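The values are calculated or read from the model by the stated rules, or taken from the named source; none is laboratory data. Worth saying up front: this structure is predicted, and the values here are computed from it rather than measured. Neighbour counts run over all protein chains shown; Cβ positions are idealised from the backbone, glycine included.
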Amino acid sequence: MFLRLWAFMGSLSSLPGADTCDIVALAGVTKRFPGIVANDSIDLSIRPGEVHVLLGENGAGKSTLIGMLSGLLQPDEGRILVDGKVTQITSPRHALALGIGTVFQHMMLVPALSVAENLLLGGPWWQRPRIEALEARVAKITRSLGITVKLHARVSELSLGEQQQVEILRAMVRNSRLLILDESTSMLTPKGIDELGTLMRRLVKQGLAIVFITHKLKEAAAFGDRISVLKLGRKVGEIPPERFRALGEQEIISQIVDLMFGKQKDDPEAVERPIRKVSVEAAPLLQVTDLAAAPTDNAPGLSSISFDIRPGEILGIAGIDGNGQKQLAEALAGQRVTTGGSVRLEGTAIEMLSVGERRQRGLRYLTDDRLGEGTVGTFPVSINFFLKQVGAPPFWRNGFEQRAEIDKRAAQLVREYDVRTPSLKTPVARLSGGNIQKVLLARELAEGAKVVIFNKPTYGLDLANTLASRQRICATAARGLAVLLISTDLEELLSMCDRIAVIASGALVGTVENVDDARTRVGRLMIGLAA
Amino acid sequence: MSIDTPSVNATAPDPTSAAAARRDILHRLLMTLGPILAALVIAGCILLAVGVDPLAYYGYVLEKGLFSPLGIQQTLTRMAPLLFLAAGLIVAFRAGMWNLGGDGQFLLGAVTAAASAPVFVQLMPAWLALICSFLIAAAVAMIWSLVPALLRGYQGVNEIITTLMMTFLGTSLANVLVKLVFRDPGTTVPQTRTLPVEDRLPRLFDTTITSGLLLGLAAIIIVHLVMTRTAFGLKLRIVGANPRAAIHAGLGVPGLTVAVFAISAGLAGLAGAVDIIGVQGNVRADWNPAYGLAVIPAVFLARMNGFAAIGFVFLLSVLSIGGESAARRLGVPNHFTLVLVSIVLIVLALAEYVDHRYNQSRKA
């Protein structure tokens, strides 16, 4: 109720005339994708001279919002107002013409070209590029911002921070009035982040508006004037500049933590955690000690991962997405090479075994990438049930497929797990995300499972399937299996887990018993504060 | 073009699966035959442009490749090596690996068979000698594929480039072997020793058709059944359709990769052997029929289905045997066959694209 009222007031304030100083305003903007509401009636006002910070976890809807502002996506409902007028931003080119420049998360420069050539890209093709005019313009802009840009250097020779300055410069050369920085600090060094912060302050001093997207609270508090917090597609709160200035950094952070991780009264997903008895004396089913893995180009490594799970227990892994959750799951399942540590299943070391052997012994991994690696999209539903048992009797005998056995068992699993499919022969990619997830659940929870790793089991599912999946997971633990539940949804973890461990930069930074104050303690661990 | 078939309605709820299956088969047929007809028309226009009567050309092709007794026998004989090559490509393509080194593997297999068979027939009974030649021809071709296989399996090096490079080396090596090592001292022409006609694979009945045709048919049918009915075939198809799912499911992808290359190259080597032991009898220097690349479009047109591939290999043989004599009569270059086949492929790809867009827009 409170939220509704709040949203109503928000839309009032962004009506034309009500607030003329907005460069761009969103009023009740909603964007849906198949199966998910990415943005749910969002109101936002973006003003010159302000750094507007958009905070939220992965999947909160930040990228969708940026997509709509930069002309890549069109809202399903609601209006976007530019200079107080309702405007449809039809394409990225149109957005640029309106003065909205975007610096995307991934660098969008051509590495083989020089900086000047990159800046001139997109000009009229029938004209010679005007290098001299550009040089004069760039000199003027860089002087006022106090940065230096090597116009004739190749982009590939620049550091990531310098490349980012070039992208910002490109937006400035095109007369942007609103600059959107999408997760711009995620690839920068601490020094680069500080420089970017200084640059942002100078830009807003010149009257520019900046939308700065991040999930790091410290940056939000340090560089922002106004903060909006997104959560699961909804805007759950805003700290306006007046309040922002009145508070100290610590107070701001604690307010944001409340907004990001606080319990919502009207959350339909909230379920009471059933009381399960986990016997403390029981020997752990899964013991992981000092597991480590080397980092790769695009993924953090793992270090000092230690935990154990007893039969019937659900251990949650919380953390901001991309902090090694997937790597942890893959290392446990045997898909990723580890560099140290041990994994024991029922007391026997399994860290040297292959993926297949670990599965044989009862370790099951339910991947979050359902179509990318969990299934073969073009294969029929029936075969996808047995993807991890190819060649095993009774479905294959002497290497030959037993179609009847496969179909019989598949039909049974379809009934048991309530998979809605036109037929067993339907390619699995044609099913909805929820039904693909049921196929995976059926496959991993089938006979012989002892320890099950669930990686983001409800990601992208609708409410009904989310609840069904959670029920399945709880039932799994109730059967006496050990469950490792990796999720970026804190509500989910709080509603299901016995204990919650927090992962950050590939290391477990703390484990919390899921009792009264777990929410705040886990939230603080997630953003890098001590519990 | 004439291909946009509105007969199939992919999004309508299936009334009965039988009707849907029938529609699906009809759709497939239209999507395959339509482009071929369109391609014949386009190729006909090209023939017209160079001043050749397309009907006369197609008439000669059909007559010489299909309807004359000698022509059809030549066509069926030509099919033998092509079927082995097609079988090898089906294994590789279904597993998502681009073994484009078929020609090098084919020639090395051919040279090995040509060098070993005349020796073996003097040492052991003819049937055993031929089997031994087949086996070592396959083995040599397998060894030749080991470099791309290991690089792809364990280092992730793109196999398109490595197999193409190995095919250049392979054809050159085969030539060197013919000229320097296995050269028949009894003749002045650089070629290997000739296998006496009575020691070659028997001909079928009273025709000139080689019994290698039966071996080729057996090979491609076995490959088809292995790929569709066995656990091993399914594993290869998983690797081909979604390599990440293969890793997730715990399949030993590097080992399977090496196996795929070994089977594919082995079959290419057998293709070379069957051509030598069944038909040619020897390998002349600089001999390279380039069957390996010619078969690739046929396998694609058949969508990696073994039975359909038999049909397309037959079509390819008719076109190449008929095209050769039509070329002599009408002055069209021999390679026009390849032009025709490539037009078919391009039109087919276009039809696929149009069909896909059509389905997408219906869904949206």
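Structure above, values below:
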| item | result |
| --- | --- |
| All positions within the stretch A:231-249 that are in a helix (DSSP H, G or I) and at pLDDT below 80 | A:GLU249 |
| Selection from the stretch B:223-244 of residues that are at the interface with chain A (Cβ under 7 Å from one of its Cβ atoms) and closer than 27 Å to A:ASP368 by Cβ | B:LEU234, B:LYS235, B:ILE238, B:ALA241, B:ASN242, B:ARG244 |
| Scope the stretch A:491-517; condition among the aliphatic types (A, V, I, L, M) and either in contact with a Leu (Cβ under 6 Å, 6 or more places away or on another chain) or under 16 Å from A:ILE473 (Cβ atoms) (or both); matching residues | A:LEU493, A:LEU494, A:MET496, A:ILE500, A:ALA501, A:VAL502, A:VAL509 |
| Single unsatisfied condition, A:LEU73 versus (1) buried (at least 19 other Cβ atoms within 10 Å of the Cβ); (2) under 17 Å from A:THR30 (Cβ atoms) | (1) |
| In the stretch B:274-288, the residues that are out of contact with any Ser or Thr (no Cβ under 6 Å at 6 or more places or on another chain), assigned to a loop (DSSP other than H, G, I, E, B) and either of a type outside the set (D, E, K, R) or modelled with pLDDT of 90 or more (or both) | B:ALA285, B:TRP287 |
| Residue count for the stretch B:69-107, restricted to those that are over 22 Å from the mean Cα position of the chain (by Cα) and at pLDDT 90 or above | 0 |
| Residue among A:LEU332, A:LEU302 that alone is under 20 Å from the mean Cα position of the chain (by Cα) and more than 8 Å from every other protein chain (Cβ to nearest Cβ) | A:LEU302 |
| Residues of the stretch A:86-139 classified as of a type in the set (A, V, I, L, M), closer than 19 Å to A:LEU26 by Cβ and in a loop (DSSP other than H, G, I, E, B), total | 2 |
| Residue satisfying condition, being farther than 22 Å from A:GLN327 by Cβ, under 23 Å from the mean Cα position of the chain (by Cα) and within 14 Å of chain B (Cβ to nearest Cβ), within set A:ILE436, A:ILE406 | A:ILE436 |
| Helices (runs of 4 or more DSSP H) wholly inside the stretch B:202-260 that include at least 2 residues being under 22 Å from A:ALA333 (Cβ atoms) | B:231-241, B:243-248 |
| Qualifying residue in the stretch A:344-356 (condition: under 25 Å from A:GLU405 (Cα atoms) and either free of Cβ contacts under 8 Å to residues at least 12 places away in the same chain or of a type in the set (Gly, Ala, Ser) (or both)) | yes |
| A:LEU98 vs. criteria under 25 Å from A:ALA136 (Cα atoms) and not assigned by TED's automatic domain parsing to the domain that holds A:PHE212 | no |
| Residue check, A:GLU401 more than 8 Å from chain B (Cβ to nearest Cβ), acidic (Asp, Glu) and over 22 Å from A:ASN455 (Cβ atoms) | no |
| Selection within the stretch A:76-102 - surrounded by 21 or more Cβ atoms within 10 Å (Cβ to Cβ) and of a type in the set (S, T, N, Q) | A:THR102 |
| Filter result for B:LEU350 (part of a helix (DSSP H, G or I) and within 30 Å of B:PRO190 (Cα to Cα)) | no |
| Some residue of the stretch A:237-250 being surrounded by fewer than 21 Cβ atoms within 10 Å (Cβ to Cβ) and more than 27 Å from A:ILE42 (Cβ to Cβ) | yes |
| Criterion (in contact (Cβ under 8 Å) with a residue 12 or more places away in the chain and buried (at least 19 other Cβ atoms within 10 Å of the Cβ)) met by exactly one of B:ALA271, B:ALA285, B:ALA246 | B:ALA271 |
| First in the stretch A:410-427 and within 14 Å of another protein chain (Cβ to nearest Cβ), second anywhere and in a helix (DSSP H, G or I) and of a type in the set (Lys, Arg), Cβ under 9 Å, 6 or more apart | A:ARG420/A:LYS438; A:THR421/A:ARG430; A:PRO422/A:ARG430 |
| Flag if A:PRO111 is touching a Lys or Arg at 6+ places or on another chain (Cβ under 8 Å), exposed (fewer than 15 other Cβ atoms within 10 Å of the Cβ) and at negative phi | yes |
| Failed item, numbered, when B:ALA56 is tested on (1) outside any helix (DSSP H, G or I); (2) among the aliphatic types (A, V, I, L, M); (3) surrounded by fewer than 17 Cβ atoms within 10 Å (Cβ to Cβ) | (1) |
| Any hit, the stretch B:208-228, residues being under 17 Å from B:VAL111 (Cα atoms) and over 19 Å from the mean Cα position of the chain (by Cα) | no |
| Of residues in the stretch A:385-398 being facing chain B (nearest Cβ under 9 Å) and part of a helix (DSSP H, G or I), the one surrounded by the most Cβ atoms within 10 Å (Cβ to Cβ) | A:LEU387 |
| Count - residues of the stretch B:249-262 that are under 23 Å from the mean Cα position of the chain (by Cα) and either buried (at least 24 other Cβ atoms within 10 Å of the Cβ) or within 9 Å of chain A (Cβ to nearest Cβ) (or both) | 3 |
| Considering residues of the stretch A:354-372 that are facing chain B (nearest Cβ under 8 Å) and at pLDDT below 90 only, the residue nearest to A:VAL483 (Cα to Cα) | A:ASP369 |
| Residues located in the stretch A:155-186, provided they are part of a loop (DSSP other than H, G, I, E, B) and either among the charged types (D, E, K, R) or crowded, with 21+ Cβ neighbours inside 10 Å (or both) | A:ARG174, A:SER176, A:ARG177, A:GLU183, A:SER184, A:THR185 |
| Candidate set: the stretch B:185-222, residues that are among the polar types (S, T, N, Q) and either touching a residue at least 24 places away in the same chain (Cβ under 8 Å) or surrounded by 21 or more Cβ atoms within 10 Å (Cβ to Cβ) (or both); chosen: the one nearest to the other protein chains (Cβ to nearest Cβ) | B:SER211 |
